[in-house]
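As structure tokens, the structure follows; a few thoughts come after it.
Bear in mind that the values in this text are calculations on the coordinates, not laboratory data. Fair warning: this is a prediction, and the values are worked out from it, not measured in the lab. Glycine also receives a Cβ, built like all others from the backbone with ideal geometry; neighbour counts cover every protein chain displayed.
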Amino acid sequence: MDKNEIGKVILRVVVGLTFFIHGLSKFQGGISNTVGFFDSLGLPGFTAYVVALVELVGGIALILGLGTRIVTLLFALIMLGAIFTAKLSAGFLGNGQMAGYELDLVLLAASIYFVFADGSQLSLDQKFLKS
């Protein structure tokens, strides 16, 4: 295994863990709070459940390397939505009252990377594809 493969696995696990924790926190903090926030942005409240579930389940799948391209495409769409509906007005680093979109942009870039990258040797995707 080469250093690029190791880097890819580390990035995949960290991005997956980040999304998993964000999804988990939406449920632990009371999903109704997230529903209210989505409503305040003019988004249907039920989309909070969809986003939280994609982050939670998708985070686990990404850590395992299962459905990587599909999961990261969904993550990229979520990040685009977050940037343009909630974060852009706060600026890159935030406005003192709300975080900026810098983290969202990094997660977007990493997600797009996995949409286009070759599969990892250390993933369930490769295990199933080789069978």
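Modelled label-to-label distance, PHE128 and TYR113, 7 Å Cα→beta-carbon offset: nm?
Once both label points are built, they end up 2.4 nm from each other.
Could you give the dipole magnitude of the chain about its Cα centre, charging the beta-carbon of Lys and Arg +1 and that of Asp and Glu -1, in debye to the nearest 20?
Computed about the Cα centre, the dipole is about 220 debye.
For a test of the definition: using alpha carbon positions, the gyration tensor, and the 1.5 limit on a/c, classify the stretch 60-131 as rounded, prolate or oblate.
Working: a/c = 3.53, a/b = 3.32, b/c = 1.06.
Prolate, since a/c reaches 1.5 and a/b exceeds b/c.
Hey, for a label at MET1 modelled as a point 7 Å past Cα toward Cβ, could you say which residues of the stretch 87-131 have their backbone N under 15 Å away?
119-127
Could you work out the local net charge near MET98, counting Lys and Arg as +1, Asp and Glu as -1, over the other residues with Cβ closer than 14 Å to its Cβ?
Value of the local net charge: -1.
Taking the alpha-carbon centroid of each part, what is the distance from the stretch 16-37 to the stretch 39-87 in angstrom?
Taking the Cα centre of each part, the stretch 16-37 and the stretch 39-87 sit 11 Å apart.
For MET79, MET1, MET98, what ranking results if the residue with the fewest other Cβ atoms within 10 Å of its Cβ goes first?
Ordered from fewest to most neighbouring Cβ atoms within 10 Å, MET79, MET1, MET98 come out as MET1, MET98, MET79.
Given the convex hull of the Cα atoms of the stretch 3-120, what is a quarter of its surface area in nm²?
Mean shadow area of the hull around the Cα atoms is 7.2 nm².
Anything in the chain that counts as a DSSP H helix reaching 24 Å or more along its axis (C-alpha) with Kyte-Doolittle mean of at least -1.0? List them, would you? Show your work: numbers first, answer last.
Working: long enough: 3-28 (37 Å, 0.67); 46-64 (27 Å, 2.26).
Result, helices passing both filters: 3-28, 46-64.
Put +1 on the Cβ of every Lys and Arg and -1 on every Asp and Glu Cβ in the chain; which of LEU105, GLY81, LEU129 then has its Cα farthest towards the positive end of the dipole?
The residue sitting farthest along the positive end of the dipole is LEU129.
Quick one: GLU55, GLU5, fewest Cβ neighbours within 10 Å first, how do they rank?
Exposure proxy ranking, most exposed first: GLU5, GLU55.
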